[in-house]
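Here the structure comes first, spelled out in C-alpha cells, and everything after it is commentary.
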Amino acid sequence: MSFRRANAEPRWVRLLLTAVALGFLALFLGLPLLAVFVEALAAGVPAYLAALVEPETRHAVLLSLLIALIVLPFNVLFGVAAAWAIARFDFKGKSLLITLIDLPFAVSPVVAGMLFILLFGARGWFGPWLSEHDFRIIFAVPGMLIATLFITFPFVARELIPLMQTQGKDEEEAAVSLGASGWQMFWRVTLPNIKWGLLYGVILANARALGEFGAVSVVSGHIRGETNTLPLHVEILYNEYNAVGAFAAASVLALLALVTLVAKTIVEWRMHKETQMLEADLPPEKTQ
Amino acid sequence: MSISIQNISKRFGSFVALDGINLDIPTGELVALLGPSGCGKTTLLRIIAGMETADAGEVLFSGREATHLHARDRNVGFVFQHYALFRHMTVFENVAFGLRVKPRKERPAEAEIKKRVMDLLGLVQLDWLAERYPSQLSGGQRQRIALARALAVEPKVLLLDEPFGALDTKVRKELRRWLRRLHDEMHISSVFVTHDQEEALEVADRVVVMNHGRIEQIGSPDEVYSNPASPFVYQFLGNVNVFHSRVHGAWAEVGRDEAAAGGESGEGGETLAFVRPHEIDIERGPVAGGLEAEVQDVHPIGPVVRVELAHASELIEVELTRERADALGLAKGQHVWLKPRQVKVFAAPEYLLEDGGSGI
Amino acid sequence: MSRVLPGFGLSLGYTLVYLSLLVLIPLGGLVLKAGTLTLAEFWQIATTEQAMASYRVTFGASFAAAVINAFFGLIVAWVLVRYPFPGKSLVDAFVDLPFALPTAVAGITLATLYAGNGWIGRHLEPLGIKVAYTPYGIVVALAFVTLPFIVRTLQPVIEDIEPEVEEAAASLGASRWLTFTRIILPAIFPALLTGFTLAFSRAIGEFGSVIFIAGNLPMVSEITPLLIIAKLEQQDVVGATALAVVMLVISFVMLLTINALQWWAANRHKGRAA
C-alpha cells in the first residue's frame, strides 16, 4: 500500500531507528546481563554451584535479605504516613517537605554513608558515648541498616503521594460520614485503594536495599562473614581475582534484578488497568 | 430533624466563602442551595455535614448544638458530587459499609445486614446489580447506589452535593422526579446543592439563592422566580432584559410605580429596570408608555417564539406564544411597540453597570 | 483542608520525626563538622590538585554519559512509543535493568567486558581504544547506570504529543524533518533537559559501578566519591567532610534545578495563553 500517514516517517527511517534503539539496548544492557551468567558458568556448573554454597557467600546472601526485611517495614510505615499527611491535608512548608523526601536520591551514596560515620564513628559526635556503652553502629550491622534506610526511604512515599493525590479524598470522607472510625477507614478504604502503588514502591525499595553498594560500603568495614552484604562480597571476591566466585554471587543479584523487573512490570500493568478503568468511568462532564 | 444555621462564616485564606449565613430548615423539607460556582453553597453543605468547620457561627440539629459534633456522629447522609463509591467494593458492600463499621454492640447481624441492603437496593431499583463493581455501572446507577449507601445508616438528614451535575440531560430529569418521590417517602430533611436553576425550581420545596458567600433570597420556587429580591436573583433565575432607567425615560416611569411595590431604587441614583422576556407584549401600533423597537430576528423554538428587537443600541428579547406570534406576523425590520406587564426596578449595583447592563 | 479525615497530627508528626532522625540530624552533623574549618582551610582542602582533578573526572564523565544517553535515550524512547515491533513490551520493561541491577554487578561486568581481553575490549584494543581502567570506562559505567532516567522522562511526553499537531504541520507543507525539529523537539525539550539533569545528577554521585572499571589512578581516573572514601580510610575525616560538603552543595543545586525545570515544563505556555 502506498498510502502513508502524514505523521509517520518513511519506512527506512523507522527501520533504521528501531535497529539503532534495539542494537544499542542489546549491546549496552543485554550483553552485560548475559556476561554475568557466562562468566559465572565459565568454569562449569559444578564450580558455579560450589561458589554459591560457600559459607561466606551464603552469609552475605542472608545478611542482605535480613537488611531488606528489616528496612522495608520502616519504608512502608514512613511512606504511608508521609503520603497521608501530604496528599490529604494542606499545611505550610509542604513543598519543602516533598523536596526533603527527595533528598536521598540526590545525595551521593558515599556521602550518605559518611554522614553516619560523622555521627556514630569512633571520632563522631556520638562515638565516645557509644563506645562507653559498648555499642557498635559503624562497621557493624546497625550502621548498615541505617545507611540502607537513608538510601531507600523515598521510594514508597514518592510512589504513594501522586497516587493518593489523584485518587482524592472523597472515598475516605464518605467512609467517615458513614460512621467509620479512623482505622476502619484506613483498612477498608485507603489501603485497598493504594495497595498496588504501595507494592510498587516496596519492589523498588527492595531492589535498592538488596543492591546498595556505596553507602553500605562506607559504614560496613568489610568484615568477612560479618558485615558483608552480597554486593560487598562481590567486590571482595572480584578484587581477589576470584572471577567465578564474584560472578556466581553477582548472578544471584542479577536474577533478583530480573525478578524485580518482572514483578514491577506486572504491578505496573495492574495499576495501568486500574487507572484505565477509573478514567473510563469518569462522566463526560468531568473529563472535559 | 430540623436544621438551624446561625451566623455561619468561613474563609479560605483571604477568600470569603461564607459571610454570616442564617438559615432554618424545618423537618421534612427539601431545600435547594442554588448559586453560581464559588458562591459558597458546597461549603455550607459540608459545614452542615461536619466535613468542614465554620470559623464562626453555630449549627443546630433539632434545636441542639451540633457545631462541634464529629461528622461520624451527626447521623447525616452525604451524597458526593462524584459519588465517591468505594471502587474496590461491590455495590452490595458499598451499601453495607455503614452498617459494617458500626460498633459491635450496635452492628446488625449478617442476615439483618443482607436484608437491609437488599431492601435499599430494591428501593433504588438496582437490586440486580448487587455483585457489580462501581466501575461497571452507568452514571445514573452510581448516583442511586450512592444514595442507597447514604440511606443505609438511616440518617435524619440527607445532604446531596450537585446530585445530578455529572449526568446527561435525560437521566437527570428522571432522577430528579425520583429523588422528589424518595424524599417524600423517607420523611427526612434533605438539602441539595445545585447551580442549575431549573433543577432547583422543579425539585425543591424551598430555594436558597446564594452569591458571594451570602444568601440573596429564600423562598418557594414560585417566589424566587416571580418575585426576585435582588438584581442577582433576577439574572440568575431565568432570562431577563435589563434597562438603564436613565437611558430609557419611558421605562423608568413604569419602573417608578413598580419600585414602590418592592424594588429598592435609590432616590435620584442610577437605577436598573428588569423585565422577563415573556412579560413583554408586542403591539403593532403605538401604545401609551410603550417603547418603540425594531424587529431584528424571529426564532420559533418549540412552543414559543423568541423575538430579538433593537431599541437604540440595546438588544431586547421577547418571548411570545406561537399563537400570539402568528397573529402579529412579525417580520425583520418591522417597527413595533413594546409594553411590559411587570417591571422591577433596583438601584444599580456596580457589577451590573460594569457589564453595560445589557439584557441576557 | 478537611477536618473530618483523621490522623493529620500522627502522620505528619511521624514523618517529621523520621525525616529529622534520618536526614536532618545527619546533615546537621556534617555541617557542624565542616564548621570546625575556617573558610580558608576549607577552600584549601576542597581545591587541592587531587580534588580538582577528581572534580574534572567526575563532572566530565557525568556530562559525557548524559550526552550519550540524551542521544540514544531519545531514539529508544521514540521507538518504544511510536513504532510497533514484536516483543516491544519486554524491551520496554528491560530498559529499567540498570535501576534493578545492583551497581557492583554492573561494575564488575562492564570492567570484564571492556577489559583488553573482554568481549568488547578485544575488538577495541586493536583500534587503539582503551576503555577499561581509563576515564572512558567511567563514561561507559555512568551511561549504563543513568540510561533509564532519560528514557523514562521522555516516554510520557512523547506519548502526550497530539498526532493532530503533527498532521497539521504536514498539511501545511512541512517535511517530516521540519516537523520534528520545529514541532516535536520543542515539545519534548524540557523533558529531555529534565532527564539529562536527572542522569547527570545521579552520575556525579555514582560509586559502585565506576570503581571497578575506572582504574582509580589519582589525577587521571579517580572520581570524587572515591577520594572521599580514600580520605576516610586515612582517618582524614576533616578532608572527607570538606569534599562531602562540596558534593552535597552540588546535589542541592541539581535538585533545585530539576524542580525548576519541571516547574518550567509545566508552566511555560501558561503565560502566553492569558
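The values are calculated or read from the model by the stated rules, or taken from the named source; none is laboratory data. This is a predicted model, so every value here is computed, not measured. Here the Cβ positions follow ideal geometry from the backbone for every residue, glycine too, while neighbour counts run over all protein chains shown. Surface areas here come from the heavy atoms of the whole protein model, side chains and all, with no ligands, DNA or RNA. Shrake-Rupley method; radii C 1.70, N 1.55, O 1.52, S 1.80 Å.
Please indicate, with yes or no, whether at least one residue in segment A:144-165 is within 30 Å of B:Arg149 (Cβ to Cβ), touching a strand residue (DSSP E or B) at 6+ places or on another chain (Cβ under 9 Å) and crowded, with 19+ Cβ neighbours inside 10 Å. Within segment A:144-165 (the criterion being within 30 Å of B:Arg149 (Cβ to Cβ), touching a strand residue (DSSP E or B) at 6+ places or on another chain (Cβ under 9 Å) and crowded, with 19+ Cβ neighbours inside 10 Å), the answer is no, since none of the residues qualifies. Looking only at segment B:88-106, filter to residues that are farther than 21 Å from B:Met1 by Cβ and touching a Leu at 6+ places or on another chain (Cβ under 7 Å); which one of those is modelled with the lowest pLDDT? Per the stated criteria, the residue is B:Val101.
Taking the residues in segment C:199-246 that are within 9 Å of chain A (Cβ to nearest Cβ) and not in a helix (DSSP H, G or I) as candidates, determine which candidate is nearest to C:Thr36 (Cα to Cα). Across segment C:199-246, the extreme among qualifying residues is C:Gln235. Return the total of residues in segment C:21-40 being open to solvent by less than 80 Å² (accessible area, probe 1.4 Å) and more than 10 Å from chain A (Cβ to nearest Cβ). Number satisfying all stated conditions: 4. Looking across segment A:67-101 at every residue that is free of Cβ contacts under 8 Å to residues at least 24 places away in the same chain and more than 12 Å from chain C (Cβ to nearest Cβ), the one that is least open to solvent (accessible area, probe 1.4 Å) is identified as A:Pro73.
In segment A:172-217, the qualifying residues are those that are among the small types (Gly, Ala, Ser) and more than 9 Å from chain C (Cβ to nearest Cβ), and the one that is nearest to C:Pro225 (Cα to Cα) is A:Ala209.
The number of residues in segment C:107-145 being open to solvent by 30 Å² or more (accessible area, probe 1.4 Å), assigned to a loop (DSSP other than H, G, I, E, B) and aliphatic (A, V, I, L, M) comes to 1.
Would a scan of segment A:102-110 turn up a residue that is more than 9 Å from chain C (Cβ to nearest Cβ) and surrounded by fewer than 18 Cβ atoms within 10 Å (Cβ to Cβ)? Checked against the condition, which is being more than 9 Å from chain C (Cβ to nearest Cβ) and surrounded by fewer than 18 Cβ atoms within 10 Å (Cβ to Cβ), segment A:102-110 yields no hits at all. Among all residues of segment B:36-55, there is none that is in contact with a strand residue (DSSP E or B) (Cβ under 7 Å, 6 or more places away or on another chain), closer than 21 Å to B:Pro155 by Cα and open to solvent by 50 Å² or more (accessible area, probe 1.4 Å). Counting only helices (runs of 4 or more DSSP H) that fall entirely inside segment A:1-64 and contain at least 3 residues that are more than 10 Å from chain C (Cβ to nearest Cβ) and either modelled with pLDDT under 90 or open to solvent by 40 Å² or more (accessible area, probe 1.4 Å) (or both), the qualifying elements are A:45-53.
Restricting attention to segment A:125-133, does a residue exist that is outside any loop (DSSP other than H, G, I, E, B), within 8 Å of another protein chain (Cβ to nearest Cβ) and open to solvent by less than 40 Å² (accessible area, probe 1.4 Å)? So far as segment A:125-133 goes, no, none of its residues is outside any loop (DSSP other than H, G, I, E, B), within 8 Å of another protein chain (Cβ to nearest Cβ) and open to solvent by less than 40 Å² (accessible area, probe 1.4 Å).
Just checking, which of C:Trp78, C:Trp43 is assigned to a helix (DSSP H, G or I) and buried (at least 18 other Cβ atoms within 10 Å of the Cβ)? Exactly one residue qualifies, and that residue is C:Trp78.
Can you find even one residue in segment B:301-317 that is among the small types (Gly, Ala, Ser), farther than 14 Å from B:His278 by Cα, under 34 Å from the mean Cα position of the chain (by Cα) and part of a strand (DSSP E or B)? Yes, that holds for at least one residue.
Being under 25 Å from the mean Cα position of the chain (by Cα), open to solvent by 60 Å² or more (accessible area, probe 1.4 Å), facing chain A (nearest Cβ under 9 Å) and over 16 Å from C:Ala61 (Cβ atoms) is a property that C:Leu256 has. In the set B:Arg144, B:Arg116, only one residue is away from chain A (no Cβ under 13 Å), farther than 27 Å from B:Glu199 by Cβ and buried (at least 16 other Cβ atoms within 10 Å of the Cβ); that residue is B:Arg116. Those helices (runs of 4 or more DSSP H) of segment A:176-223 in which 3 or more residues are open to solvent by 10 Å² or more (accessible area, probe 1.4 Å) occupy A:182-185, A:191-211. Screening segment C:199-219 for residues that are farther than 21 Å from C:Thr146 by Cβ and in contact with a helix residue (DSSP H, G or I) (Cβ under 7 Å, 6 or more places away or on another chain) and picking the one that is least open to solvent (accessible area, probe 1.4 Å) gives C:Pro218.
Within segment C:147-192, the set of residues being open to solvent by 20 Å² or more (accessible area, probe 1.4 Å), touching a residue at least 40 places away in the same chain (Cβ under 8 Å) and within 11 Å of chain A (Cβ to nearest Cβ) comprises C:Phe149 only. The set of residues from segment B:202-220 being without any contact (Cβ under 8 Å) to a residue 60 or more places away in the chain and in a helix (DSSP H, G or I) comprises just one member, B:Glu202.
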